[in-house]
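Rule-based calculations on the coordinates, nothing more; no lab input. Keep in mind that this is a model prediction, so the values were computed, not measured. Virtual Cβ from ideal backbone geometry, glycine too; neighbours counted across all protein chains shown.
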Amino acid sequence: MLKKSIQSIIIDNAKIILDDNILNKAWLLIENNKIKSFGKGAKPKVSNHKIINVQGGYLSPGFIDLHIHGKIEKISNMQVKTGTTGFLMTLHAGDFKRFAQKIKTAKKTDLSGAACLGFNLEGPFINKDMAGAQPKNFIQAPDIPAMQVLIKQTNNYIKIITFACELKGADKFIKLLKKHAIVPALGHSQATYEQAQKAIDLGAYYATHSFNRMSGISARNPGLSTQVLLNNKLSAEIIADGHHVHPALLKLLVQNKSVDKIVLVTDSVAAMDDKTLKMIAGVYRMEDSALNRACSGAGYTIAGSKLTMLQAVKNMVYLTDVKLESVVKMASANPAGILGLDKRKGKIAKGFDADLVIFDQDFKCKMTIVCGKVVFNR
């Protein structure tokens, strides 16, 4: 039997966003779900191919969102429409049986949009006083035996765990995470500058939604936020919706950290279908029942954003004046590196997975390609 030929795709007339520059009037060839080649001038001669003329649109690596909440199918279908090709399903504090069940179910779920690359546990090993919208009844100190069981049950599908490094047992917990190639993420924490430094020295290298729910900066007690700004061993996750973090802090971040150490995320809860969440002043909030105030913003705790990755890229370009190609790295190559996928995802390079997004000068998504397949086309 003759082997069926596989159709190639040539994307033509594109502005290809590379690591450090933009290649104008360029083409890119996809074969066998991989980036085969790209360049300017004469297009390659291939049989059984399809040409997609993007009419001068930007061709970018697909975005990878390491922090997003909701129903897995809804996340996949919603976010692919705005350039996200891969994501980590993120869970709030909960019990371990719930974690195991959700992760096992997710691994069996067929997705038609963005790919689920694993799970991100935002709790339960966080500081109760910095819980935010997370359920406090599940919050606890690091439980190494329970985590060992969960890691085994889920076959290393957990990729990031947020914890408060000031809690008892945090030192041993970092060692456990490193042993299993899970990213130790500092967040929801009241850590002092010194406690954060110790955790970084032990191997923590990621900060969950920087400046939100973490010890801030004061004259005699620089907290975890100061480590985020000064310590380039720490990659800073940031929600660039203009609401979670003031634009002045976004500018301060890019002035203090290497481009390679900033990771854009959405922390979106738009796919949660949670009727207790209310959209107030640009963000989703959960009512603080102890205060029970009128729906005016006061008495409501920020619970997440409605942000998309493409909007985050646009915001960073306009709010910080960082070059587009550098901001795209924050949304693609940098998160791929955090997951250890930087040899096959996160940038436009020969042999990399054909995870791509095409958008126009107004940052509107025109097409998204996941593993060589067009999954969204406006």
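Taking neighbour Cβ counts within 10 Å as the exposure measure, how do T208, T320 sort from fewest upward?
Values: T208 27, T320 19.
So the residues, fewest neighbours to most, are T320, T208.
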Cα gyration tensor, segment 196-265 - rounded (a/c under 1.5), prolate or oblate: oblate
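Going from the alpha-carbon gyration tensor of segment 49-110, what semi-axes, largest first and in whole Å, does one get by taking the root of 5 times each eigenvalue? Please list the in-between numbers first.
Working: eigenvalues 204, 32, 14 Å².
After scaling each eigenvalue by five and taking roots: 32, 13, 8 Å.
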FRET efficiency for H180 and R378, using Cβ-Cβ distance with R0 set to 30 Å, rounded to 0.05: 0.15
For segment 71-174, diffusion coefficient by Stokes-Einstein and Kirkwood Rh (Cα), 10 °C, 1.306 mPa s, µm²/s: 109
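Could you tell me the calculated FRET efficiency between D321 and N221, based on Cβ-Cβ distance and R0 = 30 angstrom, to the nearest 0.05? Write out the running numbers ahead of the final one.
Values: r = 32 Å, r/R0 = 1.05.
Working from the Cβ atoms, E equals 0.45.
Tell me, what is the percent relative contact order of segment 62-338, built from C-alpha pairs under 8 Å that lie six or more residues apart? All intermediate terms of the calculation are to be shown ahead of the outcome.
Details: 587 pairs, mean separation 48.9, N = 277.
Result for segment 62-338 is 18 percent.
Please order M214, M309 by the number of other Cβ within 10 Å, starting at the fewest. Numbers along the way, then the final one.
Working: M214 24, M309 30.
Fewest-to-most ranking of M214, M309: M214, M309.
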Rotationally averaged projected area of segment 232-378 (alpha carbon convex hull; nm²): 10.8
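Taking the Cα centre of the chain as origin, work out the dipole magnitude from +1 charges on Lys and Arg Cβ and -1 charges on Asp and Glu Cβ, in debye rounded to 20.
Values: 52 positive and 30 negative charges, 242 e Å.
My answer is approximately 1160 debye.
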Percent of beta bridges antiparallel (DSSP, the chain, rounded to nearest 5): 50
Calculated on alpha-carbon atoms, Rg and Dmax of segment 1-102 in Å: 18.7, 57
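Pull out the extension gain between K343 and N32, defined as 0.36 nm times the separation in residues minus the alpha carbon to alpha carbon distance; nm, one decimal. Write down the numbers at each step before the final one.
Numbers: separation 311, 0.36 × 311 = 111.96 nm, distance 1.70 nm.
Value of the extension gain: 110.3 nm.
Starting from the Cα gyration tensor of segment 62-338, take the square roots of the eigenvalues, sort them a ≥ b ≥ c, and report rounded, prolate or oblate (rounded when a/c is under 1.5, otherwise prolate if a/b is larger than b/c, else oblate). Intermediate values should be presented prior to the final figure.
Working: a/c = 1.13, a/b = 1.03, b/c = 1.10.
It comes out rounded by the Cα gyration axes.
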Over segment 80-178, relative contact order from alpha-carbon pairs under 8 Å, at least 6 apart, %: 32
Length released on extending from S47 to K278, taking residue separation times 0.36 nm less the Cα-Cα span: 77.9 nm
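Given 0.36 nm per residue, what is the gain on full extension from Q101 to E194 after removing their alpha carbon distance, in nm? Kindly include the intermediate steps, with their values, before the conclusion.
Numbers: separation 93, 0.36 × 93 = 33.48 nm, distance 3.72 nm.
Length difference between fully extended and current span is 29.8 nm.
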Ranked list, fewest to most other Cβ atoms within 10 Å of each Cβ, for E122, E166: E166, E122
Sites Q153 and S258, calculated FRET efficiency, Cβ-Cβ separation with R0 41 Å, nearest 0.05: 0.65
